[in-house]
Every structure is written in C-alpha cells, then in structure tokens.
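The values are calculated or read from the model by the stated rules, or taken from the named source; none is laboratory data. Remember, predicted model here, so these are calculated numbers, not experimental data. Positions of Cβ are backbone-derived with ideal geometry, glycine not excepted, and every protein chain shown enters the neighbour counts.
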Amino acid sequence: QKEVEQDPGPLSVPEGAIVSLNCTYSNSAFQYFMWYRQYSRKGPELLMYTYSSGNKEDGRFTAQVDKSSKYISLFIRDSQPSDSATYLCAMEQGAQKLVFGQGTRLTINP
Amino acid sequence: KAGVTQTPRYLIKTRGQQVTLSCSPISGHRSVSWYQQTPGQGLQFLFEYFSETQRNKGNFPGRFSGRQFSNSRSEMNVSTLELGDSALYLCASSFGDRGTEAFFGQGTRLTVV
C-alpha cells in the first residue's frame with residue numbers, strides 16, 4: 001500500500017464548477033502538506049502548503065487538512081479552463097524528501 | 001530570476017548504456033533533489049544533495065547515483081540502463097531545508113529503447 005493515495009481520475013467538469021481533489025495518507029508523522037499543479041510537459045509548481053491540520057485559502061484555492069482522518073483536500077472555486085492540469089498532493093518526509101500522490105488529471109470544459 | 005534548468009530536455013538511450021543528466025539550481029539555492037516520474041509509479045524521490053553531500057536517498061538501486069558540485073549544480077547518473085528507467089527525471093532546488101520551498105525544473109525525458 002502506498003503512503004499517499006490519490007485518485008488519478010481523469011476528472012472532467014464544466015467551467016465555473018467547484019472542484020474537489022483529495023488524498024489520503026498512512027504516515028501520521030507527516031506535518032507539511034502540499035498541492036502542486038503540473039501542466040503537460042512542465043515540472044510541478046507549488047500551489048500552496050499547509051502545516052498540520054486546518055484550512056488555508058489563496059484566491060480561488062482552498063486547502064484542507066484533517067490529520068485525525070489522514071485526509072487532505074484541495075478545492076478550486078469558479079474553475080477556469082486554464083486550471084486544466086494534473087494536481088499532485090505531496091507530504092514532507094524529512095528535509096527535502098517529498099512523498100507524492102499519483103496525481104489527478106483535471107479538465108475544465110468551457 | 002532564472003528558474004531551475006535541466007539539460008538535456010529529451011534523451012534516447014539504448015538498454016545497457018549509461019546516462020548523465022544535469023541540473024542547475026536557482027542562484028543561491030544549495031539544496032538539489034532528484035525525482036523520477038512515471039505513469040505507473042508517479043513521482044518518486046531519488047536523492048537530495050546539500051553543499052556537495054548526499055543527505056537523503058530513496059529506494060532505488062545503486063545504478064542510480066548523483067553528485068553535487070561546489071557551485072551547487074548537480075548531476076545524476078544511471079548506469080546499465082533498463083527499459084523501465086524510461087521516465088521524466090525532475091530536479092528541484094531550494095534555499096532552505098523545507099520541501100515546501102522547492103522549485104522544480106521542467107525535467108529531462110529519458111527514453112530507453
């Protein structure tokens with residue numbers, strides 16, 4: 001069983017919809033939780049990160065961490081076609097070592 | 001500010017050969033990490049270097065090795081290539097110790113035939 005599980009999708013939604021992306025994990029020692037966005041033929045770029053449990057909001061993006069359930073989420077409001085990409089959750093395991101989920105391929109249809 | 005630069009962008013090698021990939025971090029960044037990305041396994045950590053020392057290593061065979069130079073540039077080497085080594089190899093650099101501060105390059109797409 002992988003340390004971080006993420007549904008690879010694909011997920012296809014209409015423009016303007018609220019998107020919910022999720023990951024579960026097994027290692028209770030994880031403290032930093034990250035979401036990356038990766039466009040085709042590009043490297044991942046950090047969207048946001050959360051320390052421990054709680055919520056964090058940045059524009060149309062909201063990250064939630066529930067450590068009691070070992071469950072993290074990323075919500076995208078008012079989704080745009082430019083949000084179409086693969087979204088990866090990641091957790092920090094020791095300095096500079098990130099453990100990634102499989103990535104969810106998201107398509108926003110105009 | 002220039003980003004993380006990886007060269008070459010694309011590479012085709014034959015099974016059994018060896019390959020060297022290069023990564024130039026963002027100026028001032030001293031930590032360089034390497035990851036392998038495949039459709040089946042996703043992104044997997046290979047190793048991390050800080051000030052020319054390997055601090056962390058993932059679960060990859062000894063055919064995968066790396067090094068970092070005094071100017072923080074890093075190389076990774078794969079010897080005796082196998083078909084399963086075909087992947088996107090990503091390098092990330094950071095100034096501090098947190099993985100949250102890492103910036104990724106565009107990767108080197110390696111195809112082994």
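Residue count for segment A:86-110 satisfying the condition of being closer than 30 Å to B:Thr53 by Cα and touching a residue at least 60 places away in the same chain (Cβ under 8 Å): 11.
Picking from residues in segment A:68-99 that are in a loop (DSSP other than H, G, I, E, B) and under 30 Å from A:Pro110 (Cβ atoms), the one that is nearest to the other protein chains (Cβ to nearest Cβ) is A:Ser84. Tallying residues that are surrounded by 13 or more Cβ atoms within 10 Å (Cβ to Cβ) and more than 14 Å from chain B (Cβ to nearest Cβ) within segment A:44-65 yields 5. Just for segment B:6-41: of the residues that are surrounded by 20 or more Cβ atoms within 10 Å (Cβ to Cβ) and either aliphatic (A, V, I, L, M) or free of Cβ contacts under 8 Å to residues at least 40 places away in the same chain (or both), which one is farthest from A:Gln1 (Cα to Cα)? Of everything passing the filter in segment B:6-41, B:Leu21 is farthest from A:Gln1 (Cα to Cα).
Name, by its number, the condition in (1) buried (at least 16 other Cβ atoms within 10 Å of the Cβ); (2) within 13 Å of chain A (Cβ to nearest Cβ) that does not hold for B:Gly3. For B:Gly3, the failing item is (1). Does at least one position in segment A:80-102 carry a residue that is modelled with pLDDT under 95 and exposed (fewer than 13 other Cβ atoms within 10 Å of the Cβ)? No - not one qualifying residue is present in segment A:80-102. Only one entry in B:Ser74, B:Ser94 is buried (at least 19 other Cβ atoms within 10 Å of the Cβ) and facing chain A (nearest Cβ under 8 Å), namely B:Ser94. Restricting segment A:7-19 to residues that are surrounded by fewer than 13 Cβ atoms within 10 Å (Cβ to Cβ) and assigned to a strand (DSSP E or B), the residue that is nearest to the other protein chains (Cβ to nearest Cβ) is A:Ser12.
Scanning segment A:34-43 for residues that are at the interface with another protein chain (Cβ under 9 Å from one of its Cβ atoms) and closer than 23 Å to A:Lys70 by Cα gives A:Met34, A:Tyr36. Restricting segment B:54-71 to residues that are among the small types (Gly, Ala, Ser), part of a loop (DSSP other than H, G, I, E, B) and away from chain A (no Cβ under 11 Å) leaves a set whose member that is nearest to A:Leu98 (Cα to Cα) is B:Gly62.
Considering B:Phe47, B:Phe64, B:Phe60, B:Phe69, the condition of being exposed (fewer than 14 other Cβ atoms within 10 Å of the Cβ), over 20 Å from A:Leu46 (Cβ atoms) and of a type in the set (Phe, Trp, Tyr) is satisfied by B:Phe69 alone.
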